[in-house]
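Following: one structure in structure tokens, then a few remarks.
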Amino acid sequence: MVQGSVAEGFESVREEFAAVAVAEGGDYAAQLAAYRQGERVVDLWTGPEMTGDSLTGVFSSTKGAAHLVVALLAQDGVLDLDTTVGHYWPEFAVEGKQDVTLRDLLAHRAGVVGADTGFAIDELADDRIVAERVGGQRPYWRPGTAFGYHALVIGALTGEVVRRVTGQSLQQVYEQRVRAPFGLDFHLGLPEAAESRFLTTQPMLPTPEQQAELDEGYTASNSLTGIAFNQNHPKAVELVELPNSRVVRELGPASVGGVASAHGMARMYAAAISSVDGQAPLLRPDTAAAFAQVHSLGYDLVLRQHHGFGLGFEALGDKYPLLGQGVFGHSGAAGSLAFADPRSGVAYGYNRRRFAFPGGPAPENERLFKAVLTAASP
Amino acid sequence: MVQGSVAEGFESVREEFAAVAVAEGGDYAAQLAAYRQGERVVDLWTGPEMTGDSLTGVFSSTKGAAHLVVALLAQDGVLDLDTTVGHYWPEFAVEGKQDVTLRDLLAHRAGVVGADTGFAIDELADDRIVAERVGGQRPYWRPGTAFGYHALVIGALTGEVVRRVTGQSLQQVYEQRVRAPFGLDFHLGLPEAAESRFLTTQPMLPTPEQQAELDEGYTASNSLTGIAFNQNHPKAVELVELPNSRVVRELGPASVGGVASAHGMARMYAAAISSVDGQAPLLRPDTAAAFAQVHSLGYDLVLRQHHGFGLGFEALGDKYPLLGQGVFGHSGAAGSLAFADPRSGVAYGYNRRRFAFPGGPAPENERLFKAVLTAASP
Amino acid sequence: MVQGSVAEGFESVREEFAAVAVAEGGDYAAQLAAYRQGERVVDLWTGPEMTGDSLTGVFSSTKGAAHLVVALLAQDGVLDLDTTVGHYWPEFAVEGKQDVTLRDLLAHRAGVVGADTGFAIDELADDRIVAERVGGQRPYWRPGTAFGYHALVIGALTGEVVRRVTGQSLQQVYEQRVRAPFGLDFHLGLPEAAESRFLTTQPMLPTPEQQAELDEGYTASNSLTGIAFNQNHPKAVELVELPNSRVVRELGPASVGGVASAHGMARMYAAAISSVDGQAPLLRPDTAAAFAQVHSLGYDLVLRQHHGFGLGFEALGDKYPLLGQGVFGHSGAAGSLAFADPRSGVAYGYNRRRFAFPGGPAPENERLFKAVLTAASP
């Protein structure tokens, strides 16, 4: 049963979410939220233990929060996208990475997607350890010739640039400039006090056919994909374990360690492009456009499939033909997706507790955001 | 019934065209023409109302005429391919397009595939309006990282460069240097006197299965594809309406506004590479090779599929394995295709009145040009 | 029946090879060899006339030997990867290739994949003739925008750079620095005395279904693919004829003219990364990593499919998800494959006498190297 509320005109979103819940069945637990022009218009949830204020790990949707910080600093002129990473962080400028710009790094073009040694879970939780180990490495491809998803490390790398320039961690800047002013339930570093609202992430329950499909996609632990997903570490960590580990929740690594509710995610994207509670939008339209601009699109060497990125955010419009040009956001492993659509003024957030097949944004997102966008621009 | 004539040795082309006519059935109306070493060897037509001198809208095959002009000006040294567009046209050098060269623009790499506001049909007909509106925009992708078909605007953009440098419109230069000297029935701007020979373009008549396939390819009106095809304008214009509108025919926008017969198209490409009626070939072999050279090949962000471009022309050899390296030409939405093959000295032109499924060059072109090439080099 | 020997722990490799032999049936004749940390652990062969010391044409696996030479010269500082080819070889710096670096050339990005005139077989055997004819050509695509397999010419081009810098042919440097010191049965230029051990290569015997699939992939003789495989020469040479021609075996063209046994190939890659017979590894780890680094990955304009290259070597890890990052090697037309895996210390070599469907590395390689790698790191 779907709980929560929708604004007038968004009743169809509740119906669609209810239909998804029926289709998913079992112990499906999820939250769906949306804003329009800075006003909350959808705030729904369903499933056992789930409330509107429950918090779950949002995996790579975290990158949206992290790179909103980078966008703010670029907007302020504190960071310059076309300056080399090495200018800000000299230790990065080695092994053929001397010419890699901040823009290249944000577009997943730098080539340092992991570390030859891999990471223990408490190392992976600490962006400074990740940055130090990965930043000094030889890139796995020649920078400038390809791109690939820096799945578990991008936020540590861009975060290190933030730290070198501001003297603060990306997480601190996020807290001060984004999370606290809007009271967002989207945390990079979950305070002890909020732990009681956290629900653990649950592993995927693939059917035998789905498992066979997953097995077919197997890659060696020291393949490029294996390295990017840290499968090359002797104690390889399953993704599902990350948010379920307190050290990850506490440190909130900027690539995958965020903990949020759907309304926390939607509100963050609303604040990015709209006036929320009378505050000015965080981003100017040209900043949003610059970060939404397609920078890498085609074959992703890590994902081994077609994918697209803007700057720090995913280029969602190519994957989803129903989304307009200029939409920026990010999806996460268990199935979450959140984005802002500057044209319609819509901000969308969705998360779920159990990993959806086949990984990445859950398929039901397409039904759900279609319902939201249709209701928002009837 | 196929009408017209073929040179000795090209009887098989007539037979193949007749077979296509039978297969197409219904109200199929089309023209097929070919030259070899500057001599017309095929001039055929079929279908209701159609004559050898009938004129139809050739949509993007227009780009072949437009960029023959650019090739001529590059050959003359009037335009330099590796100079920035902004050098010729300062208003273009904004929003991250400062380093975009004329070569990049011709290769569909500039990223300004349309306008955020879209165009009314009379605006779309006027290359100066299109150029002004699109030229100042932020590119939809980072120039240098991708390419995509500038379907309705490329000719306005390259045409603006022509205008800035020569003081004449691309259409005027085309008329003086290409169309008039060879008496081509391929018009960028159809004179009133030729209107009586014009046949309106007819819409596609997809089967239910074909319609379902088309529906599957649906993209939002403000997606990159939607913008490139002007679906984001409040009064979105169906492609089929373009040549059926007198303002489009009159102004002959350089991207999609050309009106021609098949022999007009074939004769233009023949004149480009061969001596026609004793006149010198328009292009030197190295100019033809430079414009035929592959410049963009892979995933096209607008077409959302694999595609290839030379400079202003399509890189047809990748799409059609039967075409040799160095072939240059262009296809159009209703199904037209025209090209020159410098190796064999063949020039090919085909157009049809009714939109063919699935859009772009009609499938029958492969049968037809295979027949022509085989007859030409037995 | 499989003959030869395996080290303790590699019995499963013999079983897998025997299973392959049963599956292949007929006149299947092949060799399989592997090293671990510089020690031979697999040396097997099977089939009529085949012995462990038989020699067969290894086609493009030759490129692995050729580019091991380039890697050595780069390691010595004799060659600089980021210097233009034209610096070393001024005649190359024409027709828009002025900025092409040695790195670009090694990554199959230069665009000169063949010659407009094609080559007679005795010309194709002579790297100097190939280099002179191809080096002066206009590239078939704009350098910097794409890549494609320089199938029959890459070794002549990189070899010409070697010759200009060292005054010796690539084949001579290979003989002195690689083949002779390790007594490798992998020859670029087969001495008369070894001719008695040479077995001719046998043509593919496709089933009707396979033949239909091959026919579907047909490309015109003067298409980019046709040119790259020399099908545009009046006396087009079938690939299978190359090693069967004495002039090819004698001159050992660096792209496709190598003759080897499987243990010769495996031993070469072992010597590249390990201490063999007490000698130092030929390559330092950073040199191996630099040449294994992905440089070109995506749509290959010649192969008309997804493919990947490092520098001179193939980027095998993308094609084979079971291979780790950093593996470097090359495959060949009849079905051969050889590579080094610096992580596990494994070197692998396989060749077969009869062309395997569909061309390129034979499908059985995946079974065989999986068995080797599994046995090597139990």
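The values are calculated or read from the model by the stated rules, or taken from the named source; none is laboratory data. Because the structure is a prediction, the values reported are computed rather than measured. Cβ sites come from the backbone with ideal geometry, for glycine too, and all protein chains shown count toward neighbours.
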inquiry  = Looking at B:A34, B:A18 in this structure, which one is at pLDDT 95 or above and either assigned to a helix (DSSP H, G or I) or over 21 Å from the mean Cα position of the chain (by Cα) (or both)?
reply    = B:A18
Matching residues in the range B:324-340 - criterion: being among the aliphatic types (A, V, I, L, M) and assigned to a strand (DSSP E or B) = B:L337, B:A338, B:A340
inquiry  = For B:V294, only one of the following conditions fails: (1) surrounded by 24 or more Cβ atoms within 10 Å (Cβ to Cβ); (2) farther than 14 Å from B:S331 by Cβ; (3) more than 14 Å from chain C (Cβ to nearest Cβ). What is its number?
reply    = (3)
Candidates A:L79, A:L73, A:L124, filtered to the one that is touching a Pro at 6+ places or on another chain (Cβ under 9 Å) and either in contact (Cβ under 8 Å) with a residue 60 or more places away in the chain or over 26 Å from A:Y299 (Cβ atoms) (or both) = A:L124
task = Count, please, the residues in the range A:153-167 that happen to be over 19 Å from the mean Cα position of the chain (by Cα) and either polar (S, T, N, Q) or part of a loop (DSSP other than H, G, I, E, B) (or both).
result = 2
ask   = Are any residues in the range C:214-252 at the interface with chain B (Cβ under 10 Å from one of its Cβ atoms) and crowded, with 16+ Cβ neighbours inside 10 Å, and if so, which ones?
value = C:T219, C:A220, C:S221, C:N222, C:S223, C:L224, C:T225, C:G226, C:I227, C:A228, C:N232
query = Right, A:A66: under 18 Å from A:L152 (Cα atoms), of a type in the set (A, V, I, L, M) and in a helix (DSSP H, G or I) or not?
reply = yes
request  = Identify the residue in the range C:339-350 that is surrounded by fewer than 23 Cβ atoms within 10 Å (Cβ to Cβ) and touching a residue at least 24 places away in the same chain (Cβ under 8 Å) and, among all such residues, is nearest to the other protein chains (Cβ to nearest Cβ).
outcome  = C:S344
Extreme residue, farthest from the other protein chains (Cβ to nearest Cβ), among residues of the range C:272-284 that are touching a residue at least 40 places away in the same chain (Cβ under 8 Å) and over 12 Å from C:A71 (Cβ atoms) = C:D277
task = Taking the options B:A289, B:A356, B:A371, B:A375, name whichever one is surrounded by fewer than 24 Cβ atoms within 10 Å (Cβ to Cβ) and within 14 Å of chain C (Cβ to nearest Cβ).
result = B:A289
note = Of those in the range B:175-207 that are closer than 30 Å to B:P358 by Cβ and aromatic (F, W, Y), the residue nearest to the chain's Cα centre (by Cα) is B:F186
Output for the range B:229-260, where each listed residue is more than 12 Å from B:L124 (Cα to Cα) and among the small types (G, A, S) = B:G258, B:A260
inquiry  = Given the criteria of a type in the set (S, T, N, Q), buried (at least 24 other Cβ atoms within 10 Å of the Cβ) and in contact (Cβ under 8 Å) with a residue 60 or more places away in the chain, does A:S255 qualify?
reply    = yes
request  = Give B:T101, B:T117 a once-over and let me know the one that is within 23 Å of A:G317 (Cα to Cα) and of a type in the set (V, I, T).
outcome  = B:T117
request  = Would you mention how many residues in the range C:169-205 are outside any helix (DSSP H, G or I), of a type outside the set (A, V, I, L, M) and crowded, with 16+ Cβ neighbours inside 10 Å?
outcome  = 8
query = Could you give every pair whose Cβ atoms fall below 6 Å, whose first residue belongs to the range A:351-369 and is farther than 17 Å from A:H330 by Cβ, and whose second residue is part of a strand (DSSP E or B), counting only separations of at least 6 or pairs across chains?
reply = A:R353/A:T56; A:R353/A:Q202; A:R354/A:Q202
request  = Tell me which residues, restricted to the range A:302-323, are surrounded by 24 or more Cβ atoms within 10 Å (Cβ to Cβ), part of a loop (DSSP other than H, G, I, E, B) and within 12 Å of chain B (Cβ to nearest Cβ).
outcome  = A:G310, A:L311, A:A315, A:L323
